[in-house]
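This report concerns only the one structure given below.
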Amino acid sequence: MSRRVVVLAVAGFLTVLLAAVAALLPVPYVALQPGPTTNTLGSVGSTELIRIDGRRTYPDKGHLDLVTVSVQGGPRQKLDLYTALHGWLDNSIAVVPEETVYPKGESAQEAEQQSTAEMNDSQENATTAALRSLGIPVQTSVVQDLPAGSPSAGKLRKGDEIVSVDGKPATGGASLRAAVTAHKPGDTIPIVVRRDGRNVTTAVTTAAAPDDGRTVIGVVTRDKASYPFSVKISLKDVGGPSAGLMFALGIVDKLTPGSLTGGKFIAGTGTIDDAGKVGAIGGITQKMIGARHNGATVFLSPAENCAEARSTVPDGMRLVKVRSLEDAVGALDALRAGRTADLPRC
């Protein structure tokens with residue numbers, strides 16, 4: 001074998017070796033892929049995903065699927081160059097900078113804890129929004145402070161949860177103020193509070209506020225979510241706030257006679273606040289692909305995600321724009337009635 005052939009062979013081998021090594025080098029990106037979907041009206045194993053105790057519920061054979069994104073790469077196991085290149089060539093995968101999912105200076109454990117906290121918040125917001133949409137009281141006022149000279153001193157205590165004022169349910173700060181200001185200063189008002197696990201009845205003589213003379217009972221309160229029955233959402237290994245809309249729809253459907261879905265396979269995504277406003281999420285392309293793969297024919301998209309969703313919606317899937325829980329329920333009503341022309345489109 002000539003020296004030239006040997007040199008070329010060695011050079012070729014080294015080139016292949018270096019290319020292989022380079023392909024395995026870590027890169028500061030993560031790959032977002034379609035993840036599992038879960039029906040909020042169904043069960044995870046033997047456990048109902050949404051379980052409601054203390055209130056009548058109604059079955060629905062349709063689907064209201066929450067959708068997820070699977071993340072490959074990150075601080076614990078870096079994405080390699082080969083996988084990143086493969087992702088860039090695959091329309092179903094999004095390769096994005098690592099800090100998009102794992103902010104700089106935040107460990108993987110801290111990111112997971114944050115994601116879990118966001119999921120818990122989304123479940124509480126979804127429950128509050130759903131019950132409010134059905135006209136079910138969901139708030140009480142808790143006594144935070146009694147300023148010096150308060151007319152409630154000796155009657156109310158810090159931590160008391162105000163149940164009713166003057167025989168009317170107290171469903172938050174607004175209703176408390178309305179009940180108190182309906183009286184004149186010097187009137188005595190019966191108040192029921194929840195204290196140490198039991199209801200306590202007391203009475204407070206009102207006073208005039210020094211700044212504007214309005215009727216007050218002299219307490220500082222904060223609103224607290226308090227539900228008249230138990231709503232428990234059981235979902236493991238999923239984090240973040242983006243399932244909020246679908247949790248809320250699942251709760252509304254279970255508490256409403258008849259079928260909200262009309263038996264259809266519906267999926268969707270979106271954050272939700274306790275007033276029912278729907279917010280933007282990440283990875284909508286991958287979520288739609290995962291939903292369509294699992295059988296969804298309708299997808300509810302936050303209005304802020306519509307531009308991206310419209311350009312990547314899979315074939316055979318109807319895209320519906322939602323800005324609020326009320327929008328989403330209205331869209332499902334229209335779908336069920338066959339009024340597709342009434343649907344808000346992206």
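The values are calculated or read from the model by the stated rules, or taken from the named source; none is laboratory data. Since the structure is predicted, the reported quantities are computational estimates derived from the model, not experimental observations. Quick reminder, even Gly has a Cβ in these numbers, built from the backbone with ideal geometry, and neighbours come from all protein chains shown. Ligands, DNA and RNA are stripped out before the accessible areas are found, and what is left, the full protein with its side chains, is counted by its heavy atoms. Shrake-Rupley method; radii C 1.70, N 1.55, O 1.52, S 1.80 Å.
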Next on the checklist: Out of the residues in the range 100-125 meeting the condition of being without any contact (Cβ under 8 Å) to a residue 60 or more places away in the chain and touching a Pro at 6+ places or on another chain (Cβ under 8 Å), tell me which one is nearest to residue 273 (Cα to Cα).
Outcome noted: 111
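Restricting the range 201-220 to residues that are open to solvent by 30 Å² or more (accessible area, probe 1.4 Å) and in contact (Cβ under 8 Å) with a residue 24 or more places away in the chain, which is farthest from residue 168 (Cα to Cα)?
We begin by selecting, within the range 201-220, every residue open to solvent by 30 Å² or more (accessible area, probe 1.4 Å); these are 201, 203, 205, 207-208, 210-214, 216, 219-220.
Applying the additional criterion that residues be in contact (Cβ under 8 Å) with a residue 24 or more places away in the chain yields 203, 205, 207, 213-214, 216, 219-220.
Working: 203: 14, 205: 17, 207: 20, 213: 24, 214: 20, 216: 17, 219: 18, 220: 20 Å.
The qualifying residue farthest from residue 168 (Cα to Cα) is 213.
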Item to check | Members of the range 31-48 that are over 17 Å from residue 255 (Cα atoms) and either open to solvent by 60 Å² or more (accessible area, probe 1.4 Å) or more than 18 Å from the chain's Cα centre (by Cα) (or both) | outcome: 31, 32, 33, 34, 36, 44, 45, 46, 47
Next on the checklist: Which condition from (1) touching a residue at least 60 places away in the same chain (Cβ under 8 Å); (2) farther than 30 Å from residue 223 by Cβ; (3) touching a strand residue (DSSP E or B) at 6+ places or on another chain (Cβ under 6 Å); (4) of a type outside the set (Gly, Ala, Ser) is the one that residue 293 breaks?
Outcome noted: (3)
